[in-house]
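The values are calculated or read from the model by the stated rules, or taken from the named source; none is laboratory data. Keep in mind that what you see is a predicted model, and the values were worked out from it rather than measured. Cβ placement follows ideal geometry from the backbone for every residue including glycine, while neighbour counts extend to all protein chains displayed.
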Amino acid sequence: MLDPKLLRDNPDKIRKMLEARAVDFPLDQLIKIDKERRDLIIKTDELRKKRNEISLEVARKKKANGDATKLIEQMQSVSEELSKLEGTQIKADELYTKLSLSLPNLIHDSVPIGRDVNANKEIKKWEKPPIFDFKIRDHIELTQSLDLVDLERAAKVAGARFYYLKNKLVKLNQSLIQFSLDFLSDKNYTLVQTPYLINRSSMEGAIIAQDFEDVIYKVEGEDLYLIGTSEHAVASMHSDEIIDGKNLPLRYAGISPCFRKEAGAHGRDQKGIFRVHQFDKVEQFIFSRPEESWNEHERLLSLVEEFYQKIELPYRIMLLSSSDLGKVSAKTYDLEAWIAGQNSYREIVSCSNCLDFQARRLKIRFRDRTDEQPQYLHTLNSTLVATTRTMVAIMENFQTKDGHVAVPKVLQKYVGASTI
RNA sequence: GCGGGGGUCGCCUAGCCUGGUAGGGCGUGGGAUUGCUAAUCCCAUGUCCGCAAGGACCCGUGGGUUCGAAUCCCACUCCCCGCGCCA
């Protein structure tokens, strides 16, 4: 949600953002309904004022044992008129809320403007892709020959894009989680394992409603949705709260499985475990002072880089362009790891500054003194590790001539082995 | 799941029975007084509309009754206590 003042004072800024994102949005309708809504507030407020005044007089008359019949008649007609106006006001409010909740976030000046992913900008590269002196296998072949994943039975039991992890891959999965948690504890993050199902209003605080159908699983007959990432659950953790400024920034390491429908991804990454309906993830989530959020954003990225350097995966950092940017984010870096079997870099981390967009939806504010006006804080999120994709990268880049996989040094103590 | 108790403007609390301007304390900020500190006193401290003056709203949420609801009625929700069921 954007600051409603922008609608009145600087709608062109919003118009430019919509254009850059190539999003079709009825901005003029929103501006009109905002005006109507405020006019109705003024009118109903006046009627309420009148009602309050008469009500006071009734009370006074009654106390003095006087006759208040005429006043009460007056009240009746005022109340009647008011309830009519309130009806139209509620309708205007509903439309206003619906529209303003589907308006995407502003875009930071440093974000490249572009029509598609080709406008994304490479910021840096770390390490060269490995060179192999043998014919390499992709992770699908590796997981089959080493008996690490069972896709057929998962399809039978749950459907396409599900999987059974087996043997040492289970341990590698756990090792990534364990290593991430240790890594972030050392940086003084608060570890938090979240609910995996959350209600609609919490979900709406973190994502835009029209995206629900595409990405979110709903529990039938309940107001519950499976989280697509712990970001959703951590963001709403502090909803409707005023946070003491001296506690900021709040840095959380969220851990949870993630559930995603992946609708509209038919044909892409069809095989293997690169794109799946369920995976484990350790997520960084920051509640920050507005003036600190851009520093926090860079800090998130630097921790991500440190992490992937430790597990020795070659990667590059991309700055997403306006059309590829998520609707709630003002600026996003992706870390793309080298995937040897595909001979390309693929996204495994996404690192975003959402400014006050989520905070407004979730009513998360802060202040330094209790006599001070609370103000919205900024929220940021970044993957630390999404286990399935990182395991794909490890398997394909660390494979050996004899068809096995070397375990990255920092993970060996967790896996309890140096090869798989 | 059943029975009982509860949710009040950052925190604590009064008001609810008997409907008629939501009061007090703490904390925080500012001011007054005082040689300093302490104590005391005064003001401010929820949201929205409005350039402002001002006004409206706010007692877990949503309905209802009423001229008028924190207060009465209904539903839902969350917390606490007891019972039941249970990995």
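Here region A:200-245 is the region considered, the condition is being in a loop (DSSP other than H, G, I, E, B) and over 15 Å from the mean Cα position of the chain (by Cα), and the residue that is modelled with the highest pLDDT is A:Y217. The number of residues in region A:53-69 being within 8 Å of RNA strand B (Cβ to nearest atom), surrounded by fewer than 14 Cβ atoms within 10 Å (Cβ to Cβ) and not basic (K, R) comes to 3. Scanning region A:65-119 for residues that are part of a helix (DSSP H, G or I), of a type in the set (V, I, T), under 30 Å from A:N353 (Cβ atoms) and in contact with a Leu (Cβ under 9 Å, 6 or more places away or on another chain) yields a single hit, A:V117.
Does A:R260 meet the test of being in the same structural domain as A:Y189 (by TED's automatic domain parsing), surrounded by 18 or more Cβ atoms within 10 Å (Cβ to Cβ) and without any contact (Cβ under 8 Å) to a residue 60 or more places away in the chain?
When the stated conditions are applied, A:R260 passes them.
For the condition in contact (Cβ under 8 Å) with a residue 12 or more places away in the chain and either polar (S, T, N, Q) or closer than 30 Å to A:K16 by Cα (or both), A:S344 does not qualify. Pairs linking a residue in region A:81-101 that is assigned by TED's automatic domain parsing to the domain that holds A:L47 and among the small types (G, A, S) to a residue that is within 11 Å of RNA strand B (Cβ to nearest atom) and part of a helix (DSSP H, G or I), with Cβ atoms under 6 Å and 6 or more positions apart or on different chains, are A:A92/A:R37; A:A92/A:L40. Within region A:9-52, the set of residues being within 9 Å of RNA strand B (Cβ to nearest atom), surrounded by 13 or more Cβ atoms within 10 Å (Cβ to Cβ) and acidic (D, E) comprises just one member, A:D34. Does A:I72 fit the bill of being surrounded by fewer than 16 Cβ atoms within 10 Å (Cβ to Cβ), within 11 Å of RNA strand B (Cβ to nearest atom) and more than 26 Å from A:K331 (Cα to Cα)? Spelling it out, A:I72 is indeed surrounded by fewer than 16 Cβ atoms within 10 Å (Cβ to Cβ), within 11 Å of RNA strand B (Cβ to nearest atom) and more than 26 Å from A:K331 (Cα to Cα). A:S145 passes every criterion in (1) within 25 Å of A:S236 (Cα to Cα); (2) at pLDDT 90 or above; (3) hydroxyl-bearing (S, T, Y); (4) exposed (fewer than 15 other Cβ atoms within 10 Å of the Cβ) apart from (1). If the condition is being aliphatic (A, V, I, L, M), in contact with a Phe, Trp or Tyr (Cβ under 8 Å, 6 or more places away or on another chain) and part of a loop (DSSP other than H, G, I, E, B), then region A:246-269 contributes only A:L248.
Annotation note: Cβ proximity below 8 Å between a residue of region A:45-57 that is over 16 Å from A:S83 (Cα atoms) and in the same structural domain as A:D67 (by TED's automatic domain parsing) and a residue that is more than 6 Å from RNA strand B (Cβ to nearest atom) and not in a helix (DSSP H, G or I) (sequence gap 6+ or interchain) occurs for A:E57/A:A68. Residues that are in contact with a helix residue (DSSP H, G or I) (Cβ under 6 Å, 6 or more places away or on another chain) and within 9 Å of RNA strand B (Cβ to nearest atom) do not occur anywhere in region A:106-122.
Here A:E291 clears all of (1) in contact with a strand residue (DSSP E or B) (Cβ under 6 Å, 6 or more places away or on another chain); (2) free of Cβ contacts under 8 Å to residues at least 40 places away in the same chain except the condition numbered (1). When we screen A:L148, A:L99, A:L142, A:L103 for residues that are touching a Lys or Arg at 6+ places or on another chain (Cβ under 6 Å) and at negative phi, the only hit is A:L148.
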